[in-house]
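Here, each number is a calculation from the coordinates, and none is a lab measurement. Nothing here was measured: the structure is a model prediction, and the numbers come from that model. Cβ placement follows ideal geometry from the backbone for every residue including glycine, while neighbour counts extend to all protein chains displayed.
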Amino acid sequence: MLKKTAGWMALAWALTCGVASADSATDFYQARPNMRLIVSSSAGGGYDMMGRLAVRYFSKYLPGEPSIQVQNMPGGGAITATNYLFTVAPKDGTVLGHIDRGMATTALLYGSQTQAQFKATEFNWLGSISREAGVGLVSKTSKARTLEDMRKTEIVIGTNGPETDSAMYARLSNQLLGTKFKSVFGYPGQVEYYLAMSRGEVDGIFMTGWSGPNRITAMKDIEGGAVNFFVQMASSRHPDAPNTPTMRELVTDEKDLQIIDILLSRLDLGRPFVAPPGTPADRVALLRKAFDKTAADPELRAEAEKIGIRVDPISGIDAQAMIAKLYLTPEDVRARMQAIVQLPK
């Protein structure tokens, strides 16, 4: 009898704690704390537009509907903002991040070369509004406009930082496809390095956020003949570029294909949202629930369609599992991958 009583008491205590924990998170947000969303790129780009769109709907699915201020923090190809979120930002659920997907694997790819002060597996991943595909674009003014020409002639690729997807794909292409790309860093974001291509400052770019609003500008330029596709970073050809091969189609070595598949898997992260490590678990659970509702909101989807953003969400739980799996990559595969994509010394 005593055992049964003790068991019922333990169950009641667990249920009470669970309710208290849930109420604690609810009470916290109902108090309408000052919240911020740190966007790791400059204003006007795909990440910025996605972040500003999401927070307008995200807030209404949090208790008390607290306002969320967007703060752009470009620098280092998203390293600056991601380091801030990990090391400086409050760990109480009031500061969230919208970061470049490349940050998820920067330590995995660059090892001791990385400028990262964070561990991707320790962030609380909330999800992404959209999965991604990537494309290589080249200006009509470039002296090399096809992959065959790019194997013979050096051209300049514009990007925002050495550890971003755009710069990494240029190095990957040089190693696996034999191209002669020279990357130029320092542009705040995709808006700026696309503009640099339009002005003739650089010959081409790797656009790794094809679902975003810059796609509309790019398609107009492609239709007008100012810009061409030359390769795709995707598991299959995108409908916008049915005649342009994927990088996977152009590589035959099985070990290289394995590396490409690992790198392409990051595109499913799309444009991810995170909460800093150490954020209370009950608040993370509430934030993830609010994010899932945001991604499913019909008004958000309608607005996204109007501005050219494709909605194809991934949940925070799935994103967290995906990143954990990437960091289980065997050491021999990891070493080969790092040798291919790391920065030249």
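Each label point is 7 Å from the Cα along the Cα-to-Cβ direction; what then is the distance between the points at Asp240 and Asp253, in nm?
3.1
Taking a quarter of the surface of the Cα convex hull of the range 18-146, what do you get in nm²?
Numbers: hull surface 42.8 nm².
One quarter of the hull surface, i.e. the mean projection, equals 10.7 nm².
Springs between alpha-carbon pairs under 10 angstrom, Gaussian network model over the chain: which of Thr279, Thr87, Thr252 fluctuates most?
For the chain, modelled as a Gaussian network with Cα springs under 10 Å, the answer is Thr252.
Taking θ as phi - 60°, what are the ³J(HN,Hα) couplings along the range 181-188 by the Karplus curve (6.51, -1.76, 1.60), each to the nearest whole Hz, with x for Gly and Pro?
Working through the residues one at a time gives 7, 10, 8, 10, 9, x, 6, x Hz.
Where does the range 174-233 land on the Kirkwood hydrodynamic radius, alpha-carbon pairs, in angstrom?
Working: mean 1/r = 0.0795 Å⁻¹.
In the range 174-233 this quantity evaluates to 12.6 Å.
Do the alpha carbons of any pairs in Lys119/Lys289; Lys119/Lys220; Lys180/Lys255; Lys255/Lys289 sit beyond 29 Å of each other, and which pairs? Numbers along the way, then the final one.
Working: Lys119/Lys289 24 Å; Lys119/Lys220 39 Å; Lys180/Lys255 22 Å; Lys255/Lys289 39 Å.
In this structure, Lys119/Lys220; Lys255/Lys289 lie more than 29 Å apart at Cα.
Most fluctuating residue of Ser112, Ser59, Ser139 in a GNM of the chain with Cα springs under 10 Å: which is it?
Between Ser112, Ser59, Ser139, it is Ser112 that shows the largest mean-square fluctuation.
Please list, ordered by chain and number, the residues whose modelled amide H lies under 5 Å from the amide H of Ser130; skip anything fewer than 5 residues away on the same chain.
Arg271, Asp312, Ile314
If one puts a single equal scatterer on every Cα of the range 134-266 and applies the Debye formula without solvent, what log₁₀ I(q)/I(0) results at q = 0.15, 0.18 Å⁻¹?
-0.65, -0.96
Hey, what does the equivalent ellipsoid look like for the chain, semi-axes from the Cα gyration tensor as sqrt of 5 times each eigenvalue, largest first, whole Å? Mind showing how you got there, number by number?
Numbers: eigenvalues 311, 102, 60 Å².
Over the Cα atoms of the chain, the ellipsoid semi-axes are 39, 23, 17 Å.
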